[in-house]
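Asks: Right, I'll just put the structure down here and ask away after.
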Amino acid sequence: MTNSAGPRSGVQETGDSVGSPRLSQIRKEKVATAGRGQKVKKDVLITVIPGHCKGNLCNICVAYCPEKVLAMGFKNVEVANVDACTKCMLCEIRCPDFAIFVD
């Protein structure tokens, strides 16, 4: 006897409608907020939290970035070339203040 109300165990679904309603909302918010403090590449999202960044006092993320994706702005680090990002995440790992995230 089969239950037609939902998928059976072992059946894998794919697409944007899969997951909880909250997950769908998070995906929409992520797309909507891209461009406000975030730089987006096709599959790379680099987020800098200006309130956490020490800027010129630290400069660690800029120094460790092998592809020169980051640059020092007026007060904080800025994403200069998101297309060159390889998602090595050295900037995120080395940041002592958790001010930068790579997704």
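Read the figures in this text as sums done on the coordinates, not as results from a lab. A quick note: this is a predicted structure, and the numbers were derived from the prediction, not measured.
Asks: Sequence-distant or interchain residues sharing an amide H contact under 5 Å with ILE100, placed H: which?
Replies: Under 5 Å from the amide H of ILE100 lie the amide H atoms of ILE49, each far enough along the sequence or on another chain.
Asks: Around VAL77, which amide H atoms from residues at least 5 apart in sequence, or from another chain, sit under 5 Å from its own amide H, with H modelled in the peptide plane?
Replies: GLY55
Asks: Beyond 15 Å, what share of the Cα-Cα pairs of region 35-102 is found? Please give it as a whole percent.
Replies: 41 percent
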